[in-house]
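Enquirer: Please see the structure below; I have some questions.
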Amino acid sequence: MYWADKLADEVIRRDPNKEEYICAAGISPSGSVHIGNFRDIATSYFVCRAIIKKGKKAKMIFSWDEYDRLRKVPKNVSDFLGDNSFEKYIGYPYADIPDPFGKDESYAAHFEKEFMASLEKFGIQMEYRYQAKEYRSGRYAEYVIFALKNRGKIYDILDRHRTQEGSEEERERYYPVSIFCPHCHKDSTAITSLSEDCTKAHYTCECGHEGEFDFTKDFNCKLQWKVDWPMRWKVEGVDFEPGGKDHASKNGSYDTAKDISREVFGYEPPLFQGYEFIGIRGSVNVGKMSGSSGLNMTPDFLLKLYPPELILWLYAKTEPLKAFDFCLSDEILRQYFEFGKMLKSYMDGTADENTKRIMENSLIEGHKFVPVPMSQLVDLGSVVDFNPELMEKLFEKIGTPYKIEDFKDLFERAKFWLRTCSPESEYVIRERRNWPYWRTMNEKERACIRLLKEYIEKGGYTLDSMQAELYAIPKQVYPEAVEDKNALKGVQSKFFKDVYNLTLGRDKGPRLYLYLFAVDPSRYLKLLDFSLPEAEDPDAKEEVRAEAPQAEEKPVEDTYVPEAAPLKEVIDIGDFDKCDIRVCKVLSAKPMRKTNKLMKLTLHDGSGERVIVSSIADQYEPAQLVGKKIVVLVNLKPHKFGNEYSNGMLLASGNSDGACRVLFAADDAEIGSLVH
């Protein structure tokens, strides 16, 4: 059974008489929303459709978590501004930060609109919830007060799901809500006292401001994430919601939230489905994609490479707990081929039930998709300089008469992929004869080229006869190889290589028979004609001129070199030998609570595990570190950060702009090996 149908059956089984089922998803607009987040939407969307297909009423809601705080400024924002001026907004809710690009009413609105514009192309219908608006309307006020009344119970649930042991003093000081300061607009406040009925609080802020807060009419506050999530399940009546595998881990966000949902809010938590993260294979490799890092793949970017149907197909055919890659390498051509093959079986009625369900979730109502072979668009598109009229003529000539309206969008994607991700794969017909290569060929190899030129000049060939002739020419020139399959294959391969080098200047190219048949011979026949002596050929003179060594240029001096930090006092080798510096592997990484910079790293140092705390949480995501080998000073005296002791210090460079760069060890460096 198709995976989304299984989940739909379970949703219905849990509450068979419900009038309308709610499938939910949500994203925090911390920056440009990446395609990894799209799995949240796609998973919920497919389950919602499956419920409807079973004759039930269902809808999908999507929450913009724009009331979350800004943790760090994304790279694309700081790069655009050219400075660190947006650091002052750390701690603000996204909805209250101005748009750094000056286009929209807020930071949140900018990235929300950017994502929703891409989402429209997928034909996904859902109801949007804007959490800043929901909170500030007072919709959640009674639940905020209810959570405050049950703060002890909430603390106990949180405490049993974490490894760090809490204290009675910490329990007394715990409040599950953050107040946004009216003076500095940040959530850097602390509640100092709460009325007996939990409706009024006194608070202080790190900025120096303090005041009274009435939860019955002041709504500029927000429940903490693991309390906010189950509260909204109850308010919206959510039946299904997916989440990343980090949320699905033991004692993770979902484990904690479901207990709070049951034990505090009295609501049976929705069916939860964890999902694997999405990878990128090819010339760009950013690890776990992150909207706040600026290193991400947005749907808008991927729509320049993939049609929306193929993106939906990748999500639809892959079970949530299985990973898959978007490909910037030539693997993308395999994905196009597999999609086209599955679509064909669906259209001609030969698809099995699972394939039918996949394609039903991939195709977009009102949008006709014609599966024009992407490999042909890539191979032949470049030799016609991506002129759609010429491409249409080529398709007509080779017996697949696709019209421009059939392949126009895919043609643009083929061009974008070639020129953005794989420029080395673009085929461009040479302008001049390749005399340097011709000189490397022996007489029999040249005879093959002459026979090919004569055959094409005569004309009258078909696509099939061109293919047959290409394999027949080497047999004619090398009769001794006909009985030896390996020898024949060798001379045929060399013949193909020679044609590619003489016409394209490279060892490989499009399918040769297709290329020679489709392209107007007037564009390449000259390149196979070496009847004129080299000394008399203007092309040879041009080739020599092009190969002439260029005059040596003087090196250009750097216009800017950041001022280096002053050198420290000279030490002897004995001082250095006191430092025990080793290669350690990062086993886990987790930002520490109530701080923007500190990250707890659990390492393997060769003899066992050790914990260090480092001020890199604003520079690195955990996924950029886990599994990597780093260089650590391990015999540094332990230092306490909050409730954690740091047993060592990682080595990193400090740039002039204040950014740090962790010193990673080579992949083949042994864990625990000494750094000398």
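Enquirer: Would you please name the residue that is surrounded by the most Cβ atoms within 10 Å (Cβ to Cβ), looking only at residues in segment 252-281 that are in a helix (DSSP H, G or I) and free of Cβ contacts under 8 Å to residues at least 60 places away in the same chain?
Expert: Once the filter is applied, the top-ranked residue is 257.
Enquirer: Follow-up. Could you list all residues from segment 196-214 that are under 21 Å from residue 150 (Cα atoms) and touching a strand residue (DSSP E or B) at 6+ places or on another chain (Cβ under 7 Å)? Step through it out loud before you land on a result.
Expert: We begin by selecting, within segment 196-214, every residue under 21 Å from residue 150 (Cα atoms); these are 196-203, 212-214.
Scanning segment 196-214 gives 199, 200, 201, 202, 203, 212, 213, 214.
Enquirer: Looking only at residues that are under 13 Å from residue 63 (Cβ atoms) and not in a helix (DSSP H, G or I) in segment 223-241, which one is nearest to the chain's Cα centre (by Cα)?
Expert: First pass over segment 223-241, keeping only residues under 13 Å from residue 63 (Cβ atoms): 225, 228-229, 231-233, 235-236, 238, 241.
Now drop any that are not not in a helix (DSSP H, G or I), which leaves 238, 241.
Working: 238: 28, 241: 21 Å.
Step by step, filter segment 223-241, then rank; the result is 241.
Enquirer: Related question: Given the criterion within 18 Å of residue 520 (Cβ to Cβ), part of a helix (DSSP H, G or I) and open to solvent by 70 Å² or more (accessible area, probe 1.4 Å), identify the matching residue among 396, 424.
Expert: After applying the criteria, what remains is 396.
Enquirer: Kindly indicate whether residue 498 is without any contact (Cβ under 8 Å) to a residue 12 or more places away in the chain and either within 25 Å of residue 439 (Cβ to Cβ) or surrounded by fewer than 19 Cβ atoms within 10 Å (Cβ to Cβ) (or both).
Expert: Values: without any contact (Cβ under 8 Å) to a residue 12 or more places away in the chain: no; either within 25 Å of residue 439 (Cβ to Cβ) or surrounded by fewer than 19 Cβ atoms within 10 Å (Cβ to Cβ) (or both): yes.
Criteria not met by residue 498.
Enquirer: So, of the residues in segment 462-480 that are hydrophobic (A, V, I, L, M, F, W, C) and within 16 Å of residue 497 (Cβ to Cβ), which turns out to be most open to solvent (accessible area, probe 1.4 Å)?
Expert: 477
Enquirer: Within segment 175-189, can one find any residue that is on the phi > 0 side of the Ramachandran plot and at pLDDT 90 or above?
Expert: So far as segment 175-189 goes, yes, one or more of its residues are on the phi > 0 side of the Ramachandran plot and at pLDDT 90 or above.
Quick grid of which residues meet (1) surrounded by 15 or more Cβ atoms within 10 Å (Cβ to Cβ); (2) within 24 Å of residue 257 (Cβ to Cβ); (3) touching a residue at least 40 places away in the same chain (Cβ under 8 Å); (4) in contact with a Leu (Cβ under 9 Å, 6 or more places away or on another chain):
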site	(1), (2), (3), (4)
136	yes, yes, yes, no
140	yes, yes, yes, yes
144	yes, yes, yes, yes
161	yes, yes, yes, no
166	yes, yes, no, yes
173	no, yes, no, no
176	yes, yes, yes, yes
200	yes, no, no, yes
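Enquirer: Please determine, by comparing only the residues of segment 70-82 that are under 18 Å from residue 33 (Cα atoms) and outside any helix (DSSP H, G or I), which one is most open to solvent (accessible area, probe 1.4 Å).
Expert: For segment 70-82, the residue satisfying everything is 71.
Enquirer: At pLDDT 95 or above, more than 26 Å from the chain's Cα centre (by Cα) and of a type in the set (D, E, K, R) - does that describe any residue in segment 19-40?
Expert: yes
Enquirer: Select, from 455, 427, the only residue that is at pLDDT 95 or above and of a type in the set (Ser, Thr, Tyr).
Expert: Within the list 455, 427, the selection yields 455.
Enquirer: Got a sec? Which of 222, 245 is modelled with pLDDT under 95 and among the charged types (D, E, K, R)? If you could, list the steps in order and put the result at the bottom.
Expert: On the way: 222 fails: modelled with pLDDT under 95.
Just a single option satisfies the conditions, and that option is 245.
Enquirer: Of 418, 410, which residue is buried (at least 19 other Cβ atoms within 10 Å of the Cβ), part of a helix (DSSP H, G or I) and in contact (Cβ under 8 Å) with a residue 60 or more places away in the chain?
Expert: Details: 418 fails: in contact (Cβ under 8 Å) with a residue 60 or more places away in the chain.
Answer to the selection: 410.
Enquirer: Another question about this same structure. From the list 360, 319, pick out the single residue that is among the acidic types (Asp, Glu) and part of a loop (DSSP other than H, G, I, E, B).
Expert: 319
Enquirer: Ok, one more. Sort out for me the strands (runs of 3 or more DSSP E) sitting completely within segment 576-620 that have 2 or more residues that are surrounded by fewer than 19 Cβ atoms within 10 Å (Cβ to Cβ) and over 27 Å from the mean Cα position of the chain (by Cα).
Expert: 609-614
Enquirer: Identify, please: which residue in segment 621-630 is surrounded by 19 or more Cβ atoms within 10 Å (Cβ to Cβ) and of a type in the set (A, V, I, L, M) and is, among those, farthest from residue 30 (Cα to Cα)?
Expert: 630
Enquirer: Which one of these does residue 107 not meet: (1) buried (at least 16 other Cβ atoms within 10 Å of the Cβ); (2) within 30 Å of residue 367 (Cα to Cα); (3) not aliphatic (A, V, I, L, M)?
Expert: It is condition (2) that residue 107 fails.
Enquirer: In addition: Is one or more of the residues making up segment 647-667 within 22 Å of residue 164 (Cβ to Cβ), among the acidic types (Asp, Glu) and open to solvent by 50 Å² or more (accessible area, probe 1.4 Å)?
Expert: Checking segment 647-667: not a single residue is within 22 Å of residue 164 (Cβ to Cβ), among the acidic types (Asp, Glu) and open to solvent by 50 Å² or more (accessible area, probe 1.4 Å).
Enquirer: Further, regarding this structure: Of all residues in segment 606-630, how many are modelled with pLDDT of 90 or more and touching an Asp or Glu at 6+ places or on another chain (Cβ under 8 Å)?
Expert: Result for segment 606-630: 3.
Enquirer: Let me ask something else. Which of the residues spanning segment 1-39 are assigned to a helix (DSSP H, G or I), surrounded by fewer than 20 Cβ atoms within 10 Å (Cβ to Cβ) and in contact (Cβ under 8 Å) with a residue 60 or more places away in the chain?
Expert: Result: 5, 10, 14.
Enquirer: Assuming residue 445 fulfils every condition listed in (1) under 19 Å from residue 525 (Cα atoms); (2) out of contact with any Asp or Glu (no Cβ under 8 Å at 6 or more places or on another chain); (3) assigned to a helix (DSSP H, G or I) apart from one, which condition is it?
Expert: With respect to (1) under 19 Å from residue 525 (Cα atoms); (2) out of contact with any Asp or Glu (no Cβ under 8 Å at 6 or more places or on another chain); (3) assigned to a helix (DSSP H, G or I), residue 445 is out only on (2).
Enquirer: Which of (1) surrounded by fewer than 22 Cβ atoms within 10 Å (Cβ to Cβ); (2) at pLDDT 95 or above is the odd one out, the single condition residue 46 does not satisfy?
Expert: (1)
Enquirer: If you scan segment 368-394, which residues turn out to be in contact (Cβ under 8 Å) with a residue 12 or more places away in the chain and aliphatic (A, V, I, L, M)?
Expert: Of everything in segment 368-394, those that are in contact (Cβ under 8 Å) with a residue 12 or more places away in the chain and aliphatic (A, V, I, L, M) turn out to be 370, 372, 374, 377, 378, 380, 383, 384, 391, 394.
Enquirer: Exactly one of these conditions fails for residue 301: (1) at pLDDT 90 or above; (2) open to solvent by 30 Å² or more (accessible area, probe 1.4 Å); (3) not acidic (Asp, Glu). Give me its number.
Expert: Single failed check for residue 301: (1).
The values are calculated or read from the model by the stated rules, or taken from the named source; none is laboratory data. Bear in mind the structure is a predicted one, so any value in this text is a computation, not a measurement. Glycine also receives a Cβ, built like all others from the backbone with ideal geometry; neighbour counts cover every protein chain displayed. To get the accessible areas, we keep the full protein, side chains included, count just its heavy atoms, and leave off ligands, DNA and RNA. Shrake-Rupley method; radii C 1.70, N 1.55, O 1.52, S 1.80 Å.
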